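Written below as structure tokens is the structure these notes are about.
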Amino acid sequence: MDKFIVSARKYRPQTFDTVVGQKHITTTLKNAILHNQLAHAFLFCGPRGVGKTTCARILAKTINCQNLQPNGEACDACTSCKSFNEGSSLNIHELDAASNNSVDDIRLLIEQVRFAPQMGRYKVYIIDEVHMLSSSAFNAFLKTLEEPPPYAIFILATTEKHKILPTILSRCQIFDFKRITLNDTVEHLQEIATKEAIRAEKTALQVIAQKSEGCMRDALSILDKIVSFTNGEVSYQNTLEHLNILDADYFFKLHAFMMQQQLSEAMLLFDDINRKGFEGDTVLNTFSEFLRNVLVCKDEKVAHLLEVVESFKDKYLETAKNTPSSWIISALNVLNDAEINYKQARNKRLHVELALIKLTYLQQALDLSSGKKKITGSTKAVAFRAIKPIAFHQEQKTNATAPAKLVIEEPAKQAPPVTEAKISTSAQKQASVPNASTRLASLSKIRQQIASEIDNQNPAKPIDEESLQIAWHEYILKLKTSGKNAVVTNFKMMECKPLSPESIQVVCNSEIQLGFLKQERTYLIDFMQQFFHNQAVTISIDFTESIEETLPTERPLTIKEQYLKLTENYPLIKTLKERLNLELDY
Ligand SMILES: [Zn+2]
């Protein structure tokens, strides 16, 4: 039986043209070789598994080829090429800096550089994971890197370019390797499958490519695993099973149930997924990803960001058309919160179910808040209007998602219910100011009319500073007798002043006070209306957060901040760091 060689090694590209997804680099290198403009030091950086070492080896082989092709590729037939292919060439030295990172290792390498190659033109030194070299090793290396003998070429490879000293960076020609795109990966996998006589469904390869996130080595090893697991039959179903991925079909169904507000169906589907062995957080996370994809499809400009199995693309586009953006964004919010709190939840299943319930009724909530649905029947009519300029300034400062602070006008108690009243958010109001103000104007007209009718029997008292303070004091006394001590304490801290003969402004300084005030608001309005014999009395809330509360809360310092703080107090530490060339590990 032949010895099994993993695909990543067996199908390692041997020429520049066969390198996948790095055309910008291979073309530059080929041109440099053809025009004899080769640098003596290269830095290859980029994520793992995208072909850095492979390109370094191909470069080494090509520049040593005795019979260079006119297109800049190695001939793959001369003795030099053959020895490279067999791995027996003496002109290539690979050093893994992850395990050989000391000064001695580098000195050993520099020793070797002094000897010219016995065969071929160039000696190529590949230093992998070069960011792992210690600073002293880096420094020992600098001189050689700057002025190497004409036959020596250094290729440094790293996944973390930011960790390389600037002195090294300036001495190298830098090449940035890209993540391999989904399509490129799929094409490459398809080629290998054909060569190996593996029956592979395209959708399955797409799933593998998606899972490997642009790393070809990962993609190939996943393919190897599935092939040995399934005896050469790579289908969509067994790939999902093997990679423990949830089929997107589930989420299309779940999404449809939610849009139709079919809670029981959604719960049954979640139960079904759960029985298959998928944990709740996987469901939340995958559903977020699904919704992200739907959101991406909303705009054709960004639709190319969609990296999903080809056959699902149309389905995503269709779903995007039928789902309002506001729903998707709110749903992503709900899912995000649920994911964050998942760890702390005692009953994980219930936690996920709660999130699903919220999502199922999300559309209703959105309709209500956007004013699409009218409140009818016995519901008490409440009119909201945008906050006044002074208070509005406050509102802008706070988070946009926080419940908007509104001035709420309570209509006259005995007034007939205003049937056309609508509830709408302040945001929407701001968007349609003229419309809203005219509507509100007509409302207040009705209100005044009714109020004046009642006033004829019992003349209204105008609100002035003095009488208001008496009324406020009386209300606090009333609270005290009913035993609401917490409310009393907070009410005593608030300020109350007349805004006009018919409106009162209450100023509160903290979220807690605001909470109590909102809780008491209806009773307070009733009380004031009775006190001033005027059903048109309104109360507005001015919320000014005190400065102490907006101060940033304390948090632990990061390592960099700790270092900066230390150097502030002990400047010698900075000198020590510079003189010993120490690096911070952050
Ligand atoms: Zn050759």
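If the limit is 21 Å between Cα atoms, which of LYS52/LYS202; LYS23/LYS178; LYS52/LYS161; LYS298/LYS343; LYS211/LYS343; LYS61/LYS178 go over it?
LYS52/LYS202; LYS298/LYS343; LYS211/LYS343; LYS61/LYS178
Around PHE531, under 9 Å between beta carbons, what's the net of Lys plus Arg minus Asp minus Glu among the other residues?
Charge balance near PHE531 sits at 0.
Once phi is turned into θ = phi - 60°, what whole-Hz ³J(HN,Hα) does the Karplus curve with 6.51, -1.76 and 1.60 give for every residue of the range 84-98, x standing for Gly and Pro?
Per residue, the Karplus-derived 3J(HN,Hα) values read 5, 5, 7, x, 10, 5, 8, 8, 10, 10, 10, 10, 8, 5, 5 Hz.
Net charge around GLU233, counting only other residues with Cβ within less than 11 Å of its Cβ (Lys, Arg = +1; Asp, Glu = -1)?
0
What ³J(HN,Hα) values, in whole Hz, does the Karplus curve 6.51 cos²θ - 1.76 cosθ + 1.60 give for the range 193-200 when θ = phi - 60°, with x put for Gly and Pro?
With coefficients 6.51, -1.76 and 1.60, one gets 4, 5, 5, 8, 6, 9, 7, 10 Hz.
Kindly write out, for the range 524-533 in residue order, the coupling ³J(HN,Hα) from the Karplus curve 6.51 cos²θ - 1.76 cosθ + 1.60 (θ = phi - 60°), rounded to whole Hz, with x marking Gly and Pro.
5, 5, 3, 4, 5, 4, 5, 4, 9, 6
Can you give me the long-range amide H partners of ILE539? Hydrogens built in the peptide plane at 1.01 Å from N, cutoff under 5 Å, separation of 5 or more residues or another chain.
GLU410, ILE504
With a 10 Å Cβ neighbour count serving as the proxy for reagent exposure, in which order, fewest first, do CYS78, CYS508 appear?
Least crowded to most crowded, the residues run CYS78, CYS508.
All other residues with a Cβ under 12 Å from the Cβ of PRO47 taken together, and with Lys, Arg as +1 and Asp, Glu as -1, what is their net charge?
So the environment of PRO47 carries a net charge of +2.
In whole Å, what is the distance between the alpha-carbon centres of the range 178-220 and the range 12-89?
Distance between centres, Cα-based: 23 Å.
Read-outs: derived from the displayed coordinates by stated rules, not from any lab. Keep in mind that this is a model prediction, so the values were computed, not measured. Note: ideal-geometry Cβ built from the backbone for every residue, glycine included; neighbour counts use all protein chains shown.
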